[in-house]
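What follows is a single structure, written as structure tokens, with notes after it.
The values are calculated or read from the model by the stated rules, or taken from the named source; none is laboratory data. Just so it is clear, the model here is predicted, and its values are computed rather than measured. A quick note on method: Cβ atoms are made from the backbone with ideal geometry, for glycine too, and the neighbour counts reach across all protein chains shown. To get the accessible areas, we keep the full protein, side chains included, count just its heavy atoms, and leave off ligands, DNA and RNA. Shrake-Rupley method; radii C 1.70, N 1.55, O 1.52, S 1.80 Å.
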Amino acid sequence: MGPSDTTGAQDGAPVPAIRIGGLHKSFGDNHVLRGIDFVVGEGEVVCVIGPSGSGKSTLLRCVNRLEEADEGSILIEGADIRDPDADVDLLRSRIGMVFQSFNLFPHLSVLRNLTIAQRRVRRRSEAEATEVARHNLARVGLSDKIDAYPAHLSGGQQQRVAIARALSMDPDMMLFDEPTSALDPELVGEVLEVMRALASEGMTMMVVTHEMGFARDVADRVVFMDEGVVVEEGPPERILVAPEHDRTRRFLKVVADG
Amino acid sequence: MTRRRRQRLVRGLLYASAVAVVVALAAVADVDLLRRNFLDREIAATMFPDVLLIAARNTIVYTALAFTFGLALGLVLALMRLSSIGPYRWFATVYIEVFRGLPALLTIFLVGFGIPIAFQVRWPILVQITLGLGIVAAAYMAETIRAGIEAVPRGQMEAARSLGMSRGRAMASIIIPQGFRIIVPPLTNELVLLIKDTSLLFVLGTTPATKELTKFGRDILTARANATPLIVVGAVYLLITIPLTQLVAVLERRNARAR
């Protein structure tokens, strides 16, 4: 398969931000991804839902090669990232990632958390990196925490800083790996609010989440995964309200009852 | 008898017997003889100021040199041990096992006498000291540093890589600084051990100007047939090591607060 017929770039149609085809991934005997086809369009917000162990986090982590897929293709803006000659570091610097457990650098202040990759990877000057950091801290509403250390922030604040850190690299797209799952319930809202604002600004987002309300309100498309395959996908009002498949219905019922 | 009263009685008996032993020893020992042989003020006075200006200074300089060398080499070895490249790992493993397994004295001998015999070169004494002690220190520190690096959560490397940092850059900017914070206490322990191990350096044949504390004390002990120099030198060691361990306790508490 040549790149020209996988990117769908005929007739000036835009190249999707992420296009995954026939993706397989195993951990030992555990076949986690069993042939995934998946697209995220430019400026699209896609929420991936599904029971734990369905492979949704693994799929997300394959997109910036934190996990190496065994088989299949992953095209980021039309370029095959599984190519052995691909510059993984450059690729990753264009894809923002937000983790379930925040993963802020505890030995660095908030400002340094936001500037270190700008300086070391983007080679920005101290002044420019600081300027970008201030701008992004303001976006997540934490300008007053610029000199704080991560340990002195609440979970919700840490996750907002983590989002600002990813944004400071001016990424073309953002990946969210269960960004609110490690938070106390009362702190979930502030993080979702930041993500909502990001979506309304037109950021391309792939979000693995258990927040059905967020998926319903913000997603352009919802993808339901179970046992390593995409069971069904579509607009949130269809997938979350009137799904075609039994497995989707059962999952939604469990989540609603939970 | 209640449990508590019995405990109190047992403890009282222990204290009483300890005091009895001390009193008995004092009665048997010739206190005057002890004082003349261990606490001779006149001999102690002749040791100053050289015990501080030469011997203690040398001990500190040798320790600092060996520690710096050992830390640098230990870091390289730790990274080699964690490498995905087999030969690097094997080399580091063999190095660590060999130099932790050999007595430090033997390694110092090997550097001081083996290298001149093998290569027909005689290195300056400071180089011999740095190598002799540093080679051993590196083996111990490599394992400590490795443990520190491994104690940094995996998510830290993932976050750094997800921002586009190379593995090496992530190690240098994110992982190693955090690893070192974790190992400040064990590293200080290595430093204190190293201070004491400088007492082995006499085998390299130190001159009056290059004597460290133990050699300095022993030479006076031999010349005067009196043990007082050992007491003085011992006190100087404690003067160096105790503030050091206290300083680290303070740093550790501050670190714990910052986390």
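So in region B:170-227, with the set limited to residues that are in a loop (DSSP other than H, G, I, E, B) and of a type in the set (D, E, K, R), which one is farthest from the other protein chains (Cβ to nearest Cβ)? Spell out how you get there, then give the answer.
Start the filter on region B:170-227 by keeping residues that are in a loop (DSSP other than H, G, I, E, B), which leaves B:183, B:205-212, B:225-227.
Cutting the leftovers down to of a type in the set (D, E, K, R) gives us B:211-212.
Numbers: B:211: 41, B:212: 36 Å.
Per the criteria, the residue is B:211.
Are any of the residues in region A:32-52 in contact with a strand residue (DSSP E or B) (Cβ under 8 Å, 6 or more places away or on another chain), closer than 26 Å to residue B:166 by Cα and of a type outside the set (Val, Ile, Thr)?
Taking every residue of region A:32-52 in turn, none turns out to be in contact with a strand residue (DSSP E or B) (Cβ under 8 Å, 6 or more places away or on another chain), closer than 26 Å to residue B:166 by Cα and of a type outside the set (Val, Ile, Thr).
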Go through region B:125-169 and report how many residues are farther than 30 Å from residue B:109 by Cβ and either in a helix (DSSP H, G or I) or touching a Pro at 6+ places or on another chain (Cβ under 6 Å) (or both).
16
Apart from one, (1) at the interface with chain B (Cβ under 9 Å from one of its Cβ atoms); (2) crowded, with 18+ Cβ neighbours inside 10 Å; (3) within 26 Å of residue B:254 (Cα to Cα) all hold for residue A:120; the odd one out is (3)
Can we say residue B:37 is in contact with an Asp or Glu (Cβ under 6 Å, 6 or more places away or on another chain), of a type outside the set (A, V, I, L, M, F, W, C) and touching a residue at least 24 places away in the same chain (Cβ under 8 Å)?
no
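One line per residue, one yes/no per condition, for (1) within 20 Å of the chain's Cα centre (by Cα); (2) surrounded by 16 or more Cβ atoms within 10 Å (Cβ to Cβ); (3) under 17 Å from residue B:63 (Cβ atoms):
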site	(1), (2), (3)
B:126	yes, no, yes
B:148	yes, yes, no
B:152	no, yes, no
B:156	no, yes, no
B:170	no, yes, no
B:210	yes, yes, yes
B:229	no, yes, no
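Kindly indicate whether residue B:224 is over 27 Å from residue B:124 (Cβ atoms) and without any contact (Cβ under 8 Å) to a residue 40 or more places away in the chain. Full working, then the answer.
Working: over 27 Å from residue B:124 (Cβ atoms): yes; without any contact (Cβ under 8 Å) to a residue 40 or more places away in the chain: no.
So residue B:224 fails the test.
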Any idea which residue in region A:139-154 is nearest to residue A:197 (Cα to Cα), counting only those that are open to solvent by 60 Å² or more (accessible area, probe 1.4 Å) and more than 8 Å from every other protein chain (Cβ to nearest Cβ)?
A:139
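In this structure, is residue B:238 touching a Gly at 6+ places or on another chain (Cβ under 8 Å), more than 14 Å from chain A (Cβ to nearest Cβ), open to solvent by 40 Å² or more (accessible area, probe 1.4 Å) and not hydroxyl-bearing (Ser, Thr, Tyr)?
Judged against the criteria, residue B:238 is not a match.
Name the single residue, out of those in region B:68-122 being among the charged types (D, E, K, R) and assigned to a helix (DSSP H, G or I), that is nearest to residue B:193 (Cα to Cα).
Within region B:68-122, the subset among the charged types (D, E, K, R) is B:81, B:89, B:97, B:100, B:122.
Narrowing further to those that are assigned to a helix (DSSP H, G or I): B:81, B:89, B:97, B:100.
Details: B:81: 23, B:89: 26, B:97: 18, B:100: 13 Å.
Among residues in region B:68-122 that are among the charged types (D, E, K, R) and assigned to a helix (DSSP H, G or I), the one nearest to residue B:193 (Cα to Cα) is B:100.
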Would you please list the contacts, defined by Cβ atoms under 8 Å and residues six or more apart or on different chains, that run from a residue in region A:165-184 that is within 12 Å of chain B (Cβ to nearest Cβ) to a residue that is among the charged types (D, E, K, R) and open to solvent by 10 Å² or more (accessible area, probe 1.4 Å)?
A:167/A:139; A:169/A:94; A:169/A:122; A:171/A:94; A:177/A:61
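If you check residue A:133 against the conditions, is it farther than 27 Å from residue A:57 by Cα, open to solvent by less than 10 Å² (accessible area, probe 1.4 Å) and either in contact with a helix residue (DSSP H, G or I) (Cβ under 9 Å, 6 or more places away or on another chain) or more than 13 Å from chain B (Cβ to nearest Cβ) (or both)?
On the way: farther than 27 Å from residue A:57 by Cα: yes; open to solvent by less than 10 Å² (accessible area, probe 1.4 Å): yes; either in contact with a helix residue (DSSP H, G or I) (Cβ under 9 Å, 6 or more places away or on another chain) or more than 13 Å from chain B (Cβ to nearest Cβ) (or both): yes.
Taking the combined requirement at face value, the residue satisfies it.
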Within region B:73-104, residues being of a type in the set (A, V, I, L, M), under 28 Å from residue B:205 (Cα atoms) and open to solvent by 60 Å² or more (accessible area, probe 1.4 Å) number 1
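Out of the residues in region A:89-117 that are open to solvent by 30 Å² or more (accessible area, probe 1.4 Å) and within 13 Å of chain B (Cβ to nearest Cβ), which is nearest to the chain's Cα centre (by Cα)?
Filtering region A:89-117 down to residues open to solvent by 30 Å² or more (accessible area, probe 1.4 Å) leaves A:89-90, A:94, A:100-101, A:106, A:111-112.
When the remaining residues are screened for being within 13 Å of chain B (Cβ to nearest Cβ), the result is A:89-90, A:94, A:100-101, A:106, A:112.
On the way: A:89: 17, A:90: 17, A:94: 12, A:100: 11, A:101: 14, A:106: 22, A:112: 23 Å.
Per the stated criteria, the residue is A:100.
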